[in-house]
Amino acid sequence: MEGATDEVLIQRVAESDDRRAFSELYDRYGNLVYNAGMRHLRDRTLAEDLVQDVFVSVWRNAASFDPSKAGFSTWVYRIARNRATDLGRRRSARARTVSPPQGEDALPEPDEVDEILRTFDVMGALSEVSEAHREVLALAYFGGLSQREISRRTGIPLGTVKSRTTAALRALRELMVDAEKSSDFREDVPKDRGEQEDG
C-alpha cells in the first residue's frame with residue numbers, strides 16, 4: 001500500500017471500498033489538512049471537523065475522482081479549501097449571532113477567508129512537489145521551523161536543507177503560477193448529497 005500512488009489508492013476506494021487504501025490516503029494527507037485548519041481556523045475542534053468533513057467527502061465521492069482533470073492531491077485540497085471556507089464562515093456567523101467579538105479573543109473577520117484559500121492553494125501545490133521538497137516546506141511553513149531546526153529534526157545536513165528549500169520554493173512557485181493560469185481551482189469539487197451551495 002505504501003508504495004502505491006494516490007491515484008491507485010483512490011481507485012481502489014472507488015471500486016471496492018478498500019479501507020486500507022483509504023487509511024493510507026488519510027495518513028498521507030490528514031495531518032496537512034489538520035495543520036492548515038489549525039493555522040487559519042485557530043480552533044482544534046474546527047480543524048478536526050475539517051479533517052473529518054474532507055475525508056468523509058473523499059470516501060463518499062471517490063468514484064467522482066477523474067485523474068484526467070487533476071491529481072488526487074489537487075482534488076483533495078480543492079475539497080479541503082472549500083470546507084475550510086465554509087467552516088470559517090459558519091463560525092463567524094455564529095459568533096456574530098451569539099455575541100459580538102471582544103478583545104484579543106475576537107474571531108477573525110470574513111476577510112480571512114482569502115487567507116484560508118491562499119493556504120490551501122499552497123497545500124495543493126505543495127502536494128505536487130517531490131517528497132523531499134515537500135518535507136522541508138511543510139516543516140517550515142506549517143511547523144514554523146527554521147532550516148537549522150529542520151536539519152536537527154530530520155537528520156538532513158543543513159546545507160542539503162538549504163538547497164532543497166531553494167529548489168522546493170522554485171518548484172512551488174511554478175506550480176502555483178500554473179494553477180493560477182488554469183483558473184479552474186473551484187471546478188469539479190464534489191458536493192455531498194444534501195449540501196447546499198452558498199448564497
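The values are calculated or read from the model by the stated rules, or taken from the named source; none is laboratory data. Nothing here was measured: the structure is a model prediction, and the numbers come from that model. Cβ sites come from the backbone with ideal geometry, for glycine too, and all protein chains shown count toward neighbours.
For the range 46-62, the count of residues that are surrounded by fewer than 21 Cβ atoms within 10 Å (Cβ to Cβ), outside any helix (DSSP H, G or I) and touching an Asp or Glu at 6+ places or on another chain (Cβ under 8 Å) is at least one.
Entry remark, the range 16-38: residues being surrounded by fewer than 20 Cβ atoms within 10 Å (Cβ to Cβ) and hydrophobic (A, V, I, L, M, F, W, C) number 2 in total. Of the residues V13, V76, the single one that is among the hydrophobic types (A, V, I, L, M, F, W, C), at pLDDT 90 or above, surrounded by 14 or more Cβ atoms within 10 Å (Cβ to Cβ) and on the phi < 0 side of the Ramachandran plot is V13.
This table checks each residue for (1) farther than 10 Å from H133 by Cα; (2) surrounded by 13 or more Cβ atoms within 10 Å (Cβ to Cβ); (3) modelled with pLDDT of 80 or more.
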residue	(1), (2), (3)
Q147	yes, yes, yes
G155	yes, no, yes
T160	yes, yes, yes
R164	no, yes, yes
A167	no, yes, yes
D178	yes, no, no
S183	yes, no, no
E187	yes, no, no
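Conditions tested, residue by residue: (1) small (G, A, S); (2) at pLDDT below 85; (3) buried (at least 22 other Cβ atoms within 10 Å of the Cβ).
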{"position": "H40", "(1), (2), (3)": "no, yes, yes"}
{"position": "S64", "(1), (2), (3)": "yes, no, no"}
{"position": "P67", "(1), (2), (3)": "no, no, no"}
{"position": "G71", "(1), (2), (3)": "yes, yes, no"}
{"position": "R83", "(1), (2), (3)": "no, no, yes"}
